[in-house]
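Enquirer: One structure, as structure tokens, below. Some questions next.
The values are calculated or read from the model by the stated rules, or taken from the named source; none is laboratory data. In this text, all values refer to a predicted model and were calculated from it rather than measured experimentally. Positions of Cβ are backbone-derived with ideal geometry, glycine not excepted, and every protein chain shown enters the neighbour counts.
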Amino acid sequence: AIHLQEPEGKHMGFAWGQGNIFVYETLFKATGSGSPFIHEVRKDEDIYSPILRKLFNESHHIFVGLQTIREDLPSKNKKPQFVSISKNYRSVIRACMEELHISLNPTVSILLAIELIWNLCEVLFIDAAPAGSLLLHLLDWVRLHKADVDEKARDVLQSDSPAEHRDYWDVVVSYVLQGRLDEARQMLGKKATLTPAANNIFKMMDNLLSKMPFYNPGGTQTLTEFDVKWRHWHEEVDRCLQDNSFASNQHLEVLCKILLGDEDTLLEHKDLLGTWYHFLVSRLLFCHPTVKPTELHYYAQVNYSTKTLSAPEPLDSILLAAFEFDIHQVIKDCSIALNNWWFVAHLTDLLDHCKLLQSHNLHFGSNLREFLLLEYASGLFTHHSLWQLAVDYFDHCLEFGRVYLELQIERVPLDTERKALKVLRICEQRQMSEQVRSICKIMAMRALRNNRLGSALSWSIRAKDAAFATLISERFLQDYCAKGTFSDLDLIDNLGPAMLLSDRLTFLGKYREFHKLYGEKRFKEAAKLLLSLMTAKIAPRSFWMTLLTDALPLLEQKEVIFSADQTYELMFCLEELTSSLNTPSSDSDKSMQEEDVELTKVELLRLALSRNLAMAIVKEGTVET
């Protein structure tokens with residue numbers, strides 16, 4: 001957003017652009033002029049980020065694949081596919097983050113938030129993890145987004161004396177808070193040179209850590225059996241604390257309290273936890289490992305309201321809405337908080353395929369999905385290369401996608417012929433006949449202005465524009481009259497049925513055919529075609545003299561080419577033409593020299609026709625014996 005201080009008496013003017021607004025100052029009076037400065041306010045600025053273009057390109061393939069999942073498949077068969085697609089989206093986000101980390105781009109924080117929210121939505125909505133499994137998924141979620149412990153662990157282990165490193169206990173506690181107990185035990189094992197008494201309490205802690213039960217979703221143990229086993233373990237940890245078993249080592253005593261889920265002890269380590277939602281998952285791990293999805297919102301609300309470890313941010317309210325299973329609020333808050341439509345469009349599309357947005361109104365989910373996809377795709381259309389991705393998004397918006405595509409495709413700048421062909425192919429595949437004609441007309445006009453007659457004719461044929469094809473055909477004929485040869489012979493030779501688009505185009509094609517026949521010395525066929533062009537009134541009257549002149553070499557052949565009847569027809573055409581030439585007209589532009597040339601041609605033609613007629617009569621009257 002931009003803020004402009006308006007001088008006294010000035011008003012803001014604006015004009016919509018493609019994906020942006022042009023804002024300028026004006027005096028708003030009939031006289032005088034405003035500020036010369038124009039300010040461009042763009043939406044979806046991220047579309048112009050080179051690294052994020054990778055996100056848009058890769059996610060486009062995933063989106064198209066999602067649309068192909070058959071609607072008639074049973075839900076249980078589709079759920080693994082939806083979870084897999086969700087993970088694919090997240091892997092693309094993470095790949096972009098890794099590239100951004102290298103360049104230290106500030107956009108990485110936005111992608112971190114996006115992946116954090118998406119991952120939680122995947123766990124709660126798409127995978128819909130039940131009690132037992134739910135906590136395991138939440139632990140994975142926290143571990144993935146709180147990875148600084150691994151960096152600290154590397155520093156500790158690479159030091160000369162890991163057990164004496166200043167971060168040693170922070171690493172051990174962090175591992176325990178994330179439920180990574182095997183790694184915590186390995187780190188505790190670094191305390192090798194201990195007295196027998198100290199060694200015993202370390203072994204006791206190692207024993208407690210090794211015995212902590214974790215639910216196995218694929219195992220034979222029921223959730224109730226796991227709960228009983230976990231409670232026995234919890235009581236054993238409590239006894240150790242009550243017996244002051246770890247009183248001689250305050251670090252181990254802290255670990256014992258953490259294993260019991262002691263709230264005050266957890267809060268003392270808020271720096272290691274970092275966020276209220278990490279605090280929440282750690283509390284659940286050590287107090288309520290069999291938490292049900294329906295109970296999550298209660299624990300989340302309590303932990304957020306009383307134990308917030310950082311200043312409230314939009315991200316907090318989004319995560320809270322997710323924990324409360326309020327999908328619509330998550331989408332609404334993300335639409336407001338994030339600076340582009342990519343996230344909400346793709347997440348909503350996936351949730352809609354999972355049939356998770358139709359709880360209140362059968363059509364609400366699809367409408368919301370379509371609205372967000374249309375907004376996202378419209379933004380893509382402002383980019384010089386990403387606009388091609390947007391086409392597929394519009395294709396999968398059944399209600400308004402076609403209308404949006406028709407409006408947006410007309411705004412794509414046709415910078416090159418290659419780009420125009422891409423746009424044209426898209427329109428032709430979707431039977432967008434009006435847009436096809438518009439594109440072809442634009443390109444035909446451009447080619448004509450650049451005197452590229454072949455290209456102009458090709459585009460006008462593609463547009464099925466008879467009037468324009470006639471105009472270009474005229475230009476071809478004028479060009480021929482001036483140079484004596486045709487340009488773009490390949491195009492004219494291969495017109496095929498397209499020559500029927502207009503009479504002038506038909507004549508152009510047939511006239512070129514006459515020249516080919518003449519060149520191949522197929523004189524009789526050439527003569528017949530030439531005569532038919534005039535007698536069938538296909539040739540324009542202005543071109544008759546050229547055709548009659550083309551007949552001269554045929555009339556002067558030793559062999560009789562034109563029959564007596566054909567010669568009479570040629571004579572009739574010549575007389576018809578000369579009578580019109582002798583008629584006074586307003587056209588006084590012809591020079592005396594041009595008129596003399598015309599008269600000479602007429603005399604030559606009359607002579608040649610008379611000679612040919614005599615030869616034809618003799619030939620046709622002779623009886624061969």
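Enquirer: State the number of residues belonging to region 472-483 that are of a type in the set (A, V, I, L, M) and either surrounded by 18 or more Cβ atoms within 10 Å (Cβ to Cβ) or touching a strand residue (DSSP E or B) at 6+ places or on another chain (Cβ under 6 Å) (or both).
Expert: Matching residues across region 472-483 total 2.
Enquirer: Looking only at helices (runs of 4 or more DSSP H) that lie completely in region 318-429, which have at least 3 residues being within 18 Å of A113 (Cβ to Cβ), over 18 Å from the mean Cα position of the chain (by Cα) and aliphatic (A, V, I, L, M)?
Expert: Counting at least 3 such residues, we get 327-337.
Enquirer: Please find, among E253, E295, E235, the residue that is surrounded by 15 or more Cβ atoms within 10 Å (Cβ to Cβ) and either out of contact with any helix residue (DSSP H, G or I) (no Cβ under 6 Å at 6 or more places or on another chain) or closer than 25 Å to A113 by Cβ (or both).
Expert: After ruling out the rest, the residue left standing is E253.
Enquirer: Also, quick follow-up: From S305, S245, S282, grab the single residue that is surrounded by 18 or more Cβ atoms within 10 Å (Cβ to Cβ), over 37 Å from the mean Cα position of the chain (by Cα) and assigned to a helix (DSSP H, G or I).
Expert: S282
Enquirer: Might you let me know whether region 259-277 holds any residue that is assigned to a helix (DSSP H, G or I) and within 20 Å of K229 (Cα to Cα)?
Expert: yes
Enquirer: Evaluate region 159-169: report whether one residue or more is in contact with a His (Cβ under 6 Å, 6 or more places away or on another chain), modelled with pLDDT of 90 or more, under 23 Å from L285 (Cα atoms) and in the same structural domain as L255 (by TED's automatic domain parsing).
Expert: yes
Enquirer: Take the conditions out of contact with any Ser or Thr (no Cβ under 6 Å at 6 or more places or on another chain), in contact (Cβ under 8 Å) with a residue 40 or more places away in the chain and assigned to a helix (DSSP H, G or I) and apply them to L138. Does it pass?
Expert: Spelling it out, L138 is indeed out of contact with any Ser or Thr (no Cβ under 6 Å at 6 or more places or on another chain), in contact (Cβ under 8 Å) with a residue 40 or more places away in the chain and assigned to a helix (DSSP H, G or I).
Enquirer: Among all residue pairs at least 6 apart or on different chains, which show Cβ distances below 8 Å where the first residue, located in region 210-230, is over 23 Å from V176 (Cβ atoms) and the second is in a loop (DSSP other than H, G, I, E, B) and polar (S, T, N, Q)?
Expert: Filtered contacts from region 210-230: L223/T290.
Enquirer: Output the qualifying pairs, or none if there are none: Cβ atoms under 6 angstrom, residues six or more apart or on different chains, first residue in region 68-95 and without any contact (Cβ under 8 Å) to a residue 40 or more places away in the chain and of a type in the set (S, T, N, Q), second residue surrounded by 14 or more Cβ atoms within 10 Å (Cβ to Cβ) and part of a helix (DSSP H, G or I).
Expert: Cβ pairs passing all conditions: N88/I62.
Enquirer: Can you give me the number of residues within region 439-456 that are surrounded by 16 or more Cβ atoms within 10 Å (Cβ to Cβ) and either in contact with a Leu (Cβ under 8 Å, 6 or more places away or on another chain) or assigned to a helix (DSSP H, G or I) (or both)?
Expert: The qualifying residues number 12.
Enquirer: Do you know which residues across region 180-229 are over 26 Å from V142 (Cβ atoms) and among the basic types (K, R)?
Expert: K191, K203
Enquirer: Which residue is modelled with the highest pLDDT, if the candidates are limited to region 49-58 and must be surrounded by fewer than 17 Cβ atoms within 10 Å (Cβ to Cβ) and within 15 Å of P106 (Cβ to Cβ)?
Expert: P50
Enquirer: Another question, if that's okay. So W544 passes all but one of these: (1) outside the structural domain of E603 (by TED's automatic domain parsing); (2) closer than 28 Å to R606 by Cα; (3) buried (at least 17 other Cβ atoms within 10 Å of the Cβ). Which condition number does it fail?
Expert: Unmet condition: (1).
Enquirer: Going by the structure shown, is Y299 modelled with pLDDT of 90 or more and farther than 26 Å from S133 by Cα?
Expert: Criteria not met by Y299.
Enquirer: Let me ask something else. With the condition kept exactly as written, say whether any residue in region 159-179 is of a type outside the set (D, E, K, R), part of a loop (DSSP other than H, G, I, E, B) and closer than 17 Å to K257 by Cα.
Expert: yes
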